[in-house]
Amino acid sequence: MFLCCWLVLGALIPATLSIDPGVKVRLTEKGIEYGRQLGMAAMQQKLNSIQVPDFSGKERVSPIGKVRYNLSNIRVLKVGIPKSSVDLVPGTGVKMSIGDAFISLNGRWKVKYLRIIKHSGSFDLNVNGLNIATTISIKTDETGRPAVSSDSCSAAVGSAKVKFHGGGSWLYNLFTRFIDKALRNAMQKQICPRATSVVSDLNPQLKTLNVLAKVDKYAEIEYSMVSSPTVLKSSIDLNLKGEFYNIGKHQEPPFSPAAFNLPPQNNNMLYIGMSAFTVNSAAFVYNNAGVLSLSVTDDMIPKSSPIRLNTNTFGVIIPGIAKQFPGLMMKLLMKMEKIPTLTFETNNASVQATTTVTAFAIQTNSTLSPLFVLNLEASVSARMFVSEMKLAAAVTLNKMDLTLAKSNVGDFQVSALNSILQVVFKWVVIPTVNVQLAKGYPLPTIGKMKLVNTQLNVLKDKLCTANESSIDPFSFFSEHGDALFQPSLLHLHWDVILEPVEGMRL
């Protein structure tokens, strides 16, 4: 309802199976307070739409006698909500309260008495002491997205003061005795349906959660909820699956997410934590897709490099190559032999990769003659960053170890090839990998959510982010939050802005 924002954030999670999540989201009191402010704007809009029916009747009013009256064209001019609060009910949901609200209206009046005397004019009406209380539950729908509903609502209108323009003082007696209570009851009956409508209006927005987000032609990531939201005294915690799959083929990897907790922080509005499981599931998916391989040829090496991929260069180190395959260009096929593994340590993310490097001589007829096969163990450091609504990365080579697996050109000192492979990694492999990593993969989002002022921390076994936010009156809603990625954990901090989804106004 008025929880617009935070419910939408709280929306970042549907509930399904009770398994450990790959991603966790925490909405703090700071985020909930921001949601309250935006929610009040939505509630004011709804109260502005209250339609007060015309009132007419015939009553005996002193000292006039029988009077026929009619109040018509009553419309709302202004709604004020000076007091409101949002309270979390641990294990249950949210309670939203509005106190001392007021509604200003005006309309037309006319009366007829003594059979022939008619008077008319306008009036101003102020309805004060409007109190509303509603409880909201957060559940999950059949698609794994969040859904909200209003479990209960109560409303009371305290008093109404009217000022008639034109007519006599006896009009006030007419209003006090016969119109006041009926008018307040007519308005009161419309308040809870509107409050409930604010809540239900959130569900189309929550439906925009990217439960299954496409990454590229090979992979997609699932962000469905794996358990019901946990409502605590000062936060709402949400558990997302956070697992990569091959498009059209959801095969579970040979490892499971480890349990992890978000750091006990509450300075920001939103925290997101991602465990190494999520990133490692991506490696599993791309390995299954057969795309973790790279062919390197001489034209990929900068012309300024003295090291060339040809048998002349390699023949200096491996005489058998110069003797058997003189004057030919070469090709290196680098292929992942094991699923790469990512680990998070404090302020550092590293990837261990096991590959084979097969060297070929390219014959004049373009056929490939295998020369040798190397086993290569590489370690790279990964710098994570958020670009728009995606988590991206860039890697740098830490070290690599080479061993000979097979040779068709005789024995040789493998270590002598280290400088050549360093050049290949520096100028070809690392840049190629970084181009792909820079594309990033989608973070969980609702509608047109934007992140600003992002901070990202790597904790042991998880990645975390957090953010601050500012209110943008032209946005559906804004937040500051932290995102965390953990057991090896990535920690992100940012501001979140949700722009209006079509049909949603503040």
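The values are calculated or read from the model by the stated rules, or taken from the named source; none is laboratory data. Since we're looking at a predicted model, the values are computed, not measured. Every residue, glycine as well, gets a Cβ built from its backbone with ideal geometry; the counts of neighbours run over all protein chains shown. Ligands, DNA and RNA are stripped out before the accessible areas are found, and what is left, the full protein with its side chains, is counted by its heavy atoms. Shrake-Rupley method; radii C 1.70, N 1.55, O 1.52, S 1.80 Å.
About its Cα centre, the range 210-300 has a charge dipole of approximately 360 debye under the convention of +1 per Lys or Arg Cβ and -1 per Asp or Glu Cβ, with nothing else charged.
Dipole size of the chain about its Cα centre, with +1 on Lys/Arg Cβ and -1 on Asp/Glu Cβ: approximately 2840 debye, rounded to the nearest 20.
Couplings 3J(HN,Hα) for the range 376-391, derived from phi with the Karplus relation 6.51 cos²θ - 1.76 cosθ + 1.60 (θ = phi - 60°), are 10, 9, 10, 10, 10, 9, 10, 9, 8, 7, 9, 10, 6, 10, 10, 9 Hz, where x marks Gly and Pro. Counting GluC sites (Glu not before Pro) as exposed when in a DSSP loop with at most 15 other beta carbons within 10 Å, what is the longest stretch of the chain free of them? With a cap of 15 other Cβ atoms within 10 Å, the longest stretch comes to 143-336. Residues in the chain average 45 Å² of solvent-accessible surface per residue, probe 1.4 Å, ligands and nucleic acids excluded.
With contacts taken as Cα pairs under 8 Å at a separation of at least 6 residues, the chain carries a relative contact order of 16 percent.
Using C-alpha pairs below 8 Å separated by at least 6 residues, the relative contact order for the range 48-105 is 30 percent. Principal-axis analysis of the Cα atoms of the chain puts helix 276-288 at an angle of about 60° to the longest axis. Computed extension gain for Lys83 through Glu337, at 0.36 nm per residue and net of the alpha carbon distance, reaches 85.2 nm.
Counting 0.36 nm for each residue step from His119 to Arg68 and taking away their Cα separation leaves a gain of 17.3 nm.
Starting from the Kirkwood Rh over alpha-carbon pairs, what translational D in µm² s⁻¹ does the chain have by Stokes-Einstein at 37 °C and 0.692 mPa s?
Stokes-Einstein gives a translational diffusion coefficient of 121 µm²/s.
Between Ala438 and Ser200, the contour length at 0.36 nm per residue exceeds the alpha carbon distance by 81.9 nm. Out of the range 179-279, which trypsin sites (Lys or Arg not before Pro) are coil in DSSP terms and have no more than 11 other C-beta atoms within 10 Å? Sparse-neighbourhood loop trypsin sites (Lys or Arg not before Pro): Lys217, Lys233.
Close amide H pairs (under 5 Å, H built 1.01 Å from N) link Val67 with Glu59, Arg60, Val61, residues at least 5 positions away or on another chain. With R₀ fixed at 22 Å, the C-beta to C-beta distance from Asn312 to Asn408 puts the FRET efficiency at about 0.75. The H on the amide N of Ser224, modeled in the peptide plane, is under 5 Å from the matching H of Lys241, Gly242, each at least 5 residues off or on a different chain. Checking the Cα-Cα distances for Lys95/Lys207; Lys30/Lys189; Lys338/Lys399; Lys338/Lys390 against a 21 Å cut-off, the pairs over it are Lys95/Lys207; Lys30/Lys189; Lys338/Lys390. Helix-only arithmetic for the chain: the sum of -39500 (n - 2.57) across DSSP H runs with n ≥ 4, divided by the residue total, places the mean residue ellipticity at 222 nm at -6000 deg cm²/dmol. Taking a point 7 Å out from the Cα of Ser415 in the direction of its Cβ, the residues of the range 358-381 whose backbone N falls within less than 20 Å of it are 373-379. Based on Cα contacts under 8 Å between residues 6+ apart, the range 161-280 shows a relative contact order of 14 percent. Could you tell me whether the range 291-332 comes out rounded, prolate or oblate from its Cα gyration tensor? Rule is a ≥ b ≥ c as square roots of the eigenvalues, rounded for a/c under 1.5, then prolate if a/b exceeds b/c, otherwise oblate. Verdict is oblate for the range 291-332. Mind pulling the angle between the C-alpha long axis of helix 180-200 and the longest principal axis of the chain? Nearest 10 degrees, somewhere in 0 to 90. The answer is roughly 10 degrees.
3J(HN,Hα) couplings calculated from phi for the range 253-265 with the Karplus curve 6.51 cos²θ - 1.76 cosθ + 1.60 (θ = phi - 60°) are, in sequence order, x, x, 8, 10, x, 8, 5, 8, 10, 6, x, x, 10 Hz; Gly and Pro show x.
The HN-Hα couplings worked out from phi for the range 330-341 by the Karplus form 6.51 cos²θ - 1.76 cosθ + 1.60 (θ = phi - 60°) are 10, 9, 10, 10, 9, 9, 6, 9, 10, 5, x, 10 Hz, whole numbers, x standing for Gly and Pro.
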